[in-house]
Structure formats: C-alpha cells, structure tokens
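Written out below as structure tokens is the structure these notes cover.
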Amino acid sequence: MMRFIWPFVIFVTLAGFLYVGLHLNPHEVPSPLVGKPAPLFNLSQLHEPAKQFSPKEMKGQVWLLNVWASWCVSCKVEHPVLLALSRQNIVPIYGLDYKDKREAGMAWLQEGGNPYVLSASDIEGRIGIDYGVYGVPETYVIDKEGVIRYKQIGPVTQQSLHEKILPLVAELKAK
Amino acid sequence: MKYLLILLFCLLPIFSYAGEAKDMADDPVLEKRMIGLAQNLRCLVCQNESLASSHSELAEDLRREVREQMQKGLSDQEIIDYLVARYGDYVLFDPPVKSYTLLLWYGPFALLLAGLAGLIFQLRKRKNKISETHLSDEDAKRAADMLNPSKDLQK
C-alpha cells in the first residue's frame, strides 16, 4: 500500500496544477499600472476636435476609462453592457478611441449608441501605449485621486461588472 | 485576339511588382540595434512571438516607440524599463529574479536535488536488502551452466 502513496501524491499535485491552469487566461497579463496614477494626457475630443480632454479634469471623481475602437470586434459585445451602465448614472464612462479614424469612430457611436460622457481620440495609439493597452477593449477604474484601481482586459460583461467593477466603484466612491 | 490576351497575361507581372520593403528607419545601425533589443521582448498580442518578428499593429507601434527613444539617445536599459513600466515583466523573454520568480528560476534545480536525494535514499535502502549469498562450488557450476546454455547446444 505504502508504495502507491508517493505516485498518488505526485499525481494529485500535478492534476491540481493542471486544473488551476485550465482556468487561467494567458491573455490576461497583470498590469503594472494598477495602484499607480493614471498616465496623464491631453487629447482632442472625438466629437469636438477643438476641445481637449485630460484625466486631470476628473480629479475628485471615480470614473471609468474604456478603450474602444470601431474596428474592434469584442467592443460590440460589451457595448450593450456599457450602454445599460451609462443609463444607470452610477459612474461616468469616458472613452478612448484607440487607433481609429475620427469619422469611423463617430459613425460607430451613432449606429450603436454612445455610452460615453465623451471620447478622446488616440489616433496614433500613443496614449494606449502609456496605458499598457494591448487588446481592445480594456477598461480602467480610476479613483478620486487619479489612481488606477482595476483594469479589465477584454469586454466588460454583466458578470465582471457586478462582481468586480461596481463593488469597487461603490467602495471608491465611499472613500 | 487570342494572342493579344496571351500578351496581356504576359504583361501581368509588371503590375504585381511589389516594390522594395520600406526602410523603416533611415539609419540601418539604429534599425539593427532596435531589432536586437526587440528580439528579447515579447509581443503582447501574439504572445510567443518577439516584438521584432511580430506583424501585429501594436508591435509595429512599439517598434516605432523604441526607434524614437533610441533616436532621443536613451540606453537599451532605459527603453526596457519604459516598456516594463507599462506592460510589466511579461514583455521580457528573460524574466528577472524576484521573490515571485524564485520558483521559476530555482525550482528545477530544487526538483533535481530532491530527485537525487530520493535516488540515493532508495539505493541505500536497496543495498541493505540485498544480502550476499554464498554458493557452493556445485551450485556455482549449475548456475553457470544455466546462464550459459550454448555449450550444451553444441554437444
């Protein structure tokens, strides 16, 4: 009996590791920016190019920065979720139109609805690099001090919204 | 008519001439340095490709970024730090030794030592189990015959 114990223990350990590994998503790379101040930028707004938007203006508010693009397929998936959220007036959503043509971005919002207070136009994708964007859509939860508290990689779903984002927003607002 | 068509088809390659690949940087030395650096960096979109070989848009943007920083005179280390600050240690194909990468770096050696220790332990145990047996001359001869039956076959 004893001679089977060790192979059994090794088997269970290995199976445990593999089981956990099954549920990990290698595309979710932990962002080093969580817990750090959101990088500042000055970009012209999508709908009013003459006006600028800077995260500085958001000091004192909890807000979401959602990186999207008209060419982004998964953005279509999260779009209804964001639209519903914007109607609830819980937290303002600002958009970063990433590597997109202005007209295409505006047409996309016209067609699908606009959940954003406003969108900033990052045509060359440089601000995206500052934010460590590598797979659109991405969503950042930014607190009153301008610190990134959470980064959602990939589309915001009902599940991630209710399990992660909204509880965090409520907590940050109470501070 | 037929010949005209054939002639037209013969002329087709002229239009499909692709032209030379654009030289991204005017400075080939800088381009070489950029590629050298980018080979050790991971593309985040296609995760097992390097930043040097990836054709994803993000990789192109990041190569542009690296190029520009090199033109500004930043050192390789400064550029690596810049990328790590944004994308994390994940961009490095060569992860740094940190508290949470200790297992990654030294785990295999620990396993090797554990294996060796287990092997030595087992061998010692086995050595104690095997006792020397003394054979009489007759038994030894019988055993030798059994182990070497070819002599019998020749008879």
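Taken together, the values in this text are just the output of simple stated rules run on the coordinates, not laboratory data. What you see is a predicted model, and the numbers here were worked out from it, not measured in a lab. Cβ placement follows ideal geometry from the backbone for every residue including glycine, while neighbour counts extend to all protein chains displayed.
Remarks
- Qualifying positions in region A:106-136 - of a type in the set (D, E, K, R), surrounded by fewer than 21 Cβ atoms within 10 Å (Cβ to Cβ) and touching a helix residue (DSSP H, G or I) at 6+ places or on another chain (Cβ under 9 Å): A:E124, A:R126, A:D130
- Enumeration of residues in region A:6-26 that are closer than 20 Å to B:A114 by Cα and β-branched (V, I, T): A:V9, A:I10, A:V12, A:T13
- Filtering region A:54-77 to residues that are within 15 Å of A:L166 (Cα to Cα) and either of a type in the set (A, V, I, L, M) or under 11 Å from the mean Cα position of the chain (by Cα) (or both) leaves A:V62, A:L64, A:L65, A:N66.
- Of the residues making up region B:40-53, just one is touching an Asp or Glu at 6+ places or on another chain (Cβ under 8 Å), in a loop (DSSP other than H, G, I, E, B) and farther than 10 Å from A:Y134 by Cα, namely B:N40.
- Among the residues of region A:69-87, those that are among the aliphatic types (A, V, I, L, M) and assigned to a helix (DSSP H, G or I) comprise A:V73, A:V77, A:V81, A:L82, A:L83, A:A84, A:L85.
Let's see how each residue does on (1) on the phi > 0 side of the Ramachandran plot; (2) away from chain A (no Cβ under 14 Å); (3) assigned to a loop (DSSP other than H, G, I, E, B); (4) not basic (K, R):
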residue	(1), (2), (3), (4)
B:E60	no, no, no, yes
B:R63	no, no, no, no
B:Q69	no, no, no, yes
B:G73	yes, yes, yes, yes
B:Q77	no, yes, no, yes
B:V84	no, no, no, yes
B:D94	no, yes, yes, yes
B:V97	no, yes, yes, yes
B:L102	no, yes, no, yes
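- Counting only residues that are among the acidic types (D, E) and assigned to a strand (DSSP E or B), region A:135-175 holds 1 of them.
- Scanning region A:90-134 for residues that are facing chain B (nearest Cβ under 10 Å), assigned to a loop (DSSP other than H, G, I, E, B) and either touching an Asp or Glu at 6+ places or on another chain (Cβ under 9 Å) or aliphatic (A, V, I, L, M) (or both) yields a count of 6.
- Any hit, region B:77-89, residues being among the hydroxyl-bearing types (S, T, Y) and surrounded by 12 or more Cβ atoms within 10 Å (Cβ to Cβ): yes
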